[in-house]
1. Rounded to two decimals, what is the ratio between the C-alpha radius of gyration of the range 101-162 and 2.2 N^0.38 Å?
2. For the range 1-130, restrict the atom set to alpha-carbon positions and state the Rg and Dmax in Å.
3. Taking only Cα atoms and a 10 Å spring cutoff, compute GNM fluctuations for the chain and point out the largest among 192, 100, 224.
4. Quick one: net charge of residue 32's neighbours, Cβ under 11 Å, K/R +1, D/E -1?
5. Based only on Cα atoms, what mean projected area does the convex hull of the range 60-109 have, in nm²?
6. Return the lysines within reach of residue 170: Cα separation strictly under 24 angstrom, same-chain partners fewer than 8 residues apart disregarded; answer none if there are no such residues.
7. Pairing the Cα long axis of helix 146-166 with the longest principal axis of the chain, what angle in degrees results, from 0 to 90 and rounded to the nearest 10?
8. Cα-based Rg (one decimal) and Dmax (whole number) for the chain, in Å?
Amino acid sequence: MERFSGRRALVTGAGKGIGRAVAVALSRAGAQVVALSRTQADLDDLRKECPNIQTLCVDLGDWDATEAALSQVGDIDLLVNNAAVALLQPFLEVTKDAFDRSFSVNLRAALQVSQIIARKLIARGAPGAIVNVSSQASHRALSDHTVYCSTKSALDMLTKSMALELGPHKIRVNSVNPTVVMTKMGRLNWTDPQKAGPMISRIPLGKFAEVDDVVNSILFLLSDQSNMTTGAMLPVDGGFLAC
Ligand code: NDP
């Protein structure tokens, strides 16, 4: 039997990068996948690769639109809160717009989507697993990342709080905390060798993570192989956070 057969999974930010790869991997491992993202063309492209995947186009920064979109989704057993933005600004130039946008997508949407899915799991007495995609940036200050680091740090506390309150309902909640991955987000912020070089030199394994490194850790935390793990932050960082 395939690893996730009989399970329904929702992946946010599944139009590109890590989220798209998670959606494809879950589908190939037998899950029925709902892929949520903001750009319809990305979702259409995903369906060309995996016609079995159901798609949902919504901006998670919009609370009411998210509530309406998710009301059509049905029962979900596995949730990956992956969507995020990285709007980099020096601390002294941080704007209200960037702050509000970042917190609404990176933190508030994870809370809102998790509430909707967890309420349904609890109502039908089913177990579940949630993975929040955080970052090494939740634990370390990085130049120009004040707001991004703050959202990810808050996301880690959300993971622990959810683990505390959802554990009695057999819903596990964990995070993965990757180092840089060369997706669209990674390329925008880390292509400059002047920035990338010093970062790589702080990673004991001496390289950035691959998308599949992150996907494999997410699938582990969603699977029954991590049945006794909840409230944990799993670094996928080549040892960056150990130093
Ligand atoms: P990408 O920017 O490559 O992809 C992000 C996806 O999320 C896109 O499909 C994007 O859609 C979607 N998304 C963004 N905002 C919204 C929104 N408001 N509503 C719905 N969907 C949205 O990012 P990555 O794949 O690199 O990042 C995935 C996760 O991994 C994020 O949580 C990120 O913080 C985390 N991470 C990434 C690292 C990296 O170096 N890449 C390192 C550590 C953590 P659209 O493009 O249409 O806006």
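What follows is calculated from the coordinates using simple rules that are stated; it is not laboratory data. Because the structure is predicted, anything quoted here is derived from the model rather than measured. We place every Cβ from the backbone using ideal geometry, glycine too, and count neighbours over all the protein chains shown.
1. 1.26
2. For the range 1-130, the Cα-based Rg and Dmax read 15.3, 54 Å.
3. Between 192, 100, 224, it is 192 that shows the largest mean-square fluctuation.
4. 0
5. Working: hull surface 16.0 nm².
The Cα convex hull of the range 60-109, projected and averaged over all directions, gives 4.0 nm².
6. Partners found: 120, 160.
7. That works out to roughly 30 degrees.
8. Rg and Dmax of the chain, Cα atoms, are 17.1, 54 Å.
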